[in-house]
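Below is the structure I would like to discuss, written out as structure tokens.
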Amino acid sequence: MTEKNLQEVNLPSLSDRKFFPSPAAWEDQVLYFLLLDRFSDGHEQGYRGNDGTVVRRGSVPLLQSTDAGNADESHWKAAGQKFCGGNLPGLTSKLGYLERLGVTAI
């Protein structure tokens, strides 16, 4: 994508497309804030997909009770300083999960 100055932007063409309308009252929405990079890469195993069935593929297993207390602090600090891998396919694969949580806006 190349930068353009305002005079080069065709403003009428931007209004010639369909937009999803904003809700009449945002206070009625359940917002879910996420950082895409940290949310999901779509490789979770054992979670429920959009259709509600258990995902049988992937490389990230569900959290187990035996996992408690074994987080490495240096690993978590280092993860915050680089790209973690979440992506749009990962987010779209979790829309059913977010809907089951009651989320109405991301």
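As a footprinting exposure proxy, order R17, R48, R100 by other Cβ within 10 Å, with the fewest listed first.
With the sparsest Cβ surroundings first, the list reads R17, R100, R48.
Now for a separate question. What is the dipole size for the chain, taken about its Cα centre, with +1 at each Lys and Arg Cβ and -1 at each Asp and Glu Cβ, in debye to the nearest 20? Please report the intermediate quantities before stating the final value.
Numbers: 11 positive and 13 negative charges, 55 e Å.
With only Lys, Arg, Asp and Glu charged at Cβ, the dipole is about 260 debye.
Enter the Cα centre distance for the pair the range 54-82 and the range 25-49, rounded to the nearest angstrom.
17 Å
Per-residue ellipticity at 222 nm for the chain, helices alone: DSSP H runs ≥ 4 residues times -39500 (n - 2.57), over residue total, nearest 500 deg cm²/dmol?
Details: 5 runs with 27 residues, N = 106.
When only DSSP H runs of four or more count, the value is -5500 deg cm²/dmol.
Let me have the relative contact order for the chain, percent, based on Cα pairs under 8 Å that are six or more residues apart. Write out the running numbers ahead of the final one.
Values: 98 pairs, mean separation 40.8, N = 106.
Contact order relative to length: 38 percent.
If you don't mind, another one. Which ordering of L36, L91, L31 is given by a fewest-first count of other beta-carbon atoms within 10 Å? Mind showing how you got there, number by number?
On the way: L36 13, L91 17, L31 9.
Result, fewest neighbours first: L31, L36, L91.
Just want the answer: with Cβ charges of +1 for Lys and Arg and -1 for Asp and Glu, which residue in S93, L6, F20 is farthest toward the dipole's positive end in the chain?
S93
Every read-out reported here was derived from the displayed coordinates using simple, explicitly stated rules and does not represent laboratory data. Fair warning: this is a prediction, and the values are worked out from it, not measured in the lab. We place every Cβ from the backbone using ideal geometry, glycine too, and count neighbours over all the protein chains shown.
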